[in-house]
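Worksheet: one structure, shown below.
The values are calculated or read from the model by the stated rules, or taken from the named source; none is laboratory data. Source: prediction; values computed, not measured. Cβ atoms come from the backbone with ideal geometry, glycine included; neighbour counts cover every protein chain shown. Calculation scope for accessible area: heavy atoms of the full protein, side chains included, ligands and nucleic acids excluded. Shrake-Rupley method; radii C 1.70, N 1.55, O 1.52, S 1.80 Å.
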Amino acid sequence: FSWQPFVMGSITLLILLVMKHVGKSKKCLRFLRAGGPLTAIILGISFVKVFRPSSISLVGDIPQGLPHFSIPKKFGHAKSLVPTALLITGVAILESVGIAKALASKNGYELDSNQELFGLGVANICGSFFSTYPTTGSFSRSAVNHESGAKTGLSGITMGIIMGGALLFLTELFKEIPQCALAAIVISAVMGLVDYDEAIFLWRVNRKDFFLWTITFITTLFLGIEIGVLVGVGFSLAFVIHESANPHIAVLGRLPGTTIYRNIQQYPEAYTYNGIVIVRIDAPIYFANTSYIKDRLREYEINIDGATKRGPRVDRIYFVIIEMAPVTYIDSSAVQALRDLYQEYKDRGIQIAIANPNCEVLRTLTKSGVYDLIGKEWYFVRVHDAAQVCLQHVEQLEGQKADHILETKPGISQRLRVQQVEEDGLKLELESGDQDPLLTDKNAVDQLPEKQSGMFQRLWKEDDKTKSHSEPLLPHKH
């Protein structure tokens, strides 16, 4: 830290900010805004010539005259320069398009990135015959140009003419410019391009974008525009890869009174079916996210929180329905993952059903043999169709299970038939194969006294309650 250039640079920056503010607030003095950088240079040169401070670093000697035209004759260093040229090209594109988009957004016009890069390419090709540095849309110089009030490309032509005249006649004068004065000009120009409102907006809307804005801003501030842009792009790619590898997967439920299935987290009134899990994968399936998708499907199979369930009461999952409408692409890794998932489910008695795959996904599944492996009868156009067919199978499976239980264990009806009604000495004795009218006919129950009929009336109510949970299904022929 050196206090002399710090004080001089701070005073110069203060003068620039005051002139900019006065030029913006009063139209009659708007020339002060454009004349601020020139004033800073004149004051800096005058201060150096009068006081000759040794601690203030100067620009130094500048070669006089314009660069000479030349044509390359040897290409011995071309191979060693290729990696550096590629890096410079990448940074130049990012920096140029970045500052151009920032200025376009600030001034309310559209940017044609292809035209911007075409102009840079022509400038670099022409400049290479004069041994110039690679040309880019400089952040600092573009900011200074914008703060000076430039609106069109004519400012570039004017600046080029002035630069040519300065190189021919003013290099002796420019070597006395203090570098802290130039730094004050750049800081003054760049301060107007720091969009604080955008940072506040990103904090409210998306914390990840705010973090990306912050890390790029800090890196650019301390390490330079090139590293800042590369770090920003790197973090952006990392976020994209992370989001792609961890796609959104929703458990779907049926909206009451409709055949529409939506995310149960977004629509709490939607209900699911016992024995069936319906999921929607909201991303292409490829090698980076197959493991994540399989893990989530296993989780949903075990437990689904916050969902109202309907249909036959079952104690396990029989079907997993996957809606593939948002899945635009699957690769070979996804195909193999589906094979493994199908085999894993098959070993545990679970059937996969696919709903609404697009033609590209369906073509890939057909070519890979997954279509025939799962079975063409388990592919459906709508989620509702798949749910109805799966419900029919669940009821059939549960019906077979109930018949098996009745054959091996006495049910409640059989136990009630052998229970003695002690209050009135009524004993229910049934011969094998007879049907008790008290358990099948409500009118017969109503003929009994109140105490005797209470037990059977409760049985009828429980039976009606069980029937009310059943879901209307499609006809069996469907």
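See the values below:
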| quantity | calculated |
| --- | --- |
| Number of the condition not met by Val194 [criteria: (1) loosely packed, with under 15 Cβ neighbours inside 10 Å; (2) of a type in the set (A, V, I, L, M); (3) assigned to a helix (DSSP H, G or I)] | (3) |
| Residue within segment 10-27 that is of a type in the set (Lys, Arg) and either within 16 Å of Ala189 (Cα to Cα) or touching a residue at least 12 places away in the same chain (Cβ under 8 Å) (or both) present | yes |
| Odd one out for Phe222 among (1) free of Cβ contacts under 8 Å to residues at least 12 places away in the same chain; (2) of a type in the set (Phe, Trp, Tyr); (3) surrounded by 13 or more Cβ atoms within 10 Å (Cβ to Cβ); (4) within 30 Å of Thr39 (Cα to Cα) | (3) |
| Some residue of segment 219-226 being assigned by the TED database to the domain that holds Glu269, charged (D, E, K, R) and either within 39 Å of the chain's Cα centre (by Cα) or in a strand (DSSP E or B) (or both) | no |
| Candidate set: segment 109-129, residues that are under 37 Å from the mean Cα position of the chain (by Cα) and outside any helix (DSSP H, G or I); chosen: the one farthest from Lys20 (Cα to Cα) | Asp112 |
| Single match in Lys74, Lys79, Lys106, Lys101 (criterion: open to solvent by 50 Å² or more (accessible area, probe 1.4 Å) and not in a helix (DSSP H, G or I)) | Lys74 |
| Answer from Tyr300, Tyr273 - the residue that is over 30 Å from the mean Cα position of the chain (by Cα), at pLDDT below 90, within 30 Å of Glu395 (Cα to Cα) and of a type outside the set (Gly, Ala, Ser) | Tyr273 |
| Test: residue in segment 311-319 that is in contact with a Cys (Cβ under 8 Å, 6 or more places away or on another chain), open to solvent by less than 30 Å² (accessible area, probe 1.4 Å) and either over 23 Å from Asp295 (Cβ atoms) or assigned by the TED database to the domain that holds Pro256 (or both) | yes |
| Residue check, Ser54 assigned to a loop (DSSP other than H, G, I, E, B) and free of Cβ contacts under 8 Å to residues at least 12 places away in the same chain | yes |
| Segment 130-160, residues that are outside any helix (DSSP H, G or I) and either without any contact (Cβ under 8 Å) to a residue 12 or more places away in the chain or open to solvent by 90 Å² or more (accessible area, probe 1.4 Å) (or both) | Ser131, Tyr133, Ala150, Lys151, Thr152, Gly153 |
| Test result for Glu301, among the charged types (D, E, K, R) and assigned to a loop (DSSP other than H, G, I, E, B) | no |
| Matching residues in segment 117-129 - criterion: being touching a Ser or Thr at 6+ places or on another chain (Cβ under 8 Å) and under 17 Å from Met159 (Cβ atoms) | Leu120, Ala123, Gly127 |
| Segment 1-33, residues that are in a helix (DSSP H, G or I), of a type outside the set (S, T, N, Q) and farther than 21 Å from Pro178 by Cβ | His21, Val22, Gly23, Lys24, Lys27, Cys28, Leu29, Phe31, Leu32, Arg33 |
| So Arg339, is it free of Cβ contacts under 8 Å to residues at least 12 places away in the same chain, in a helix (DSSP H, G or I) and within 30 Å of the chain's Cα centre (by Cα) | no |
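Each row is one residue, and each column tells you yes or no for (1) open to solvent by 30 Å² or more (accessible area, probe 1.4 Å); (2) touching a residue at least 60 places away in the same chain (Cβ under 8 Å); (3) under 19 Å from Leu255 (Cα atoms).
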| site | (1), (2), (3) |
| --- | --- |
| Tyr273 | no, yes, yes |
| Val277 | no, no, yes |
| Tyr292 | yes, no, no |
| Asp295 | yes, no, no |
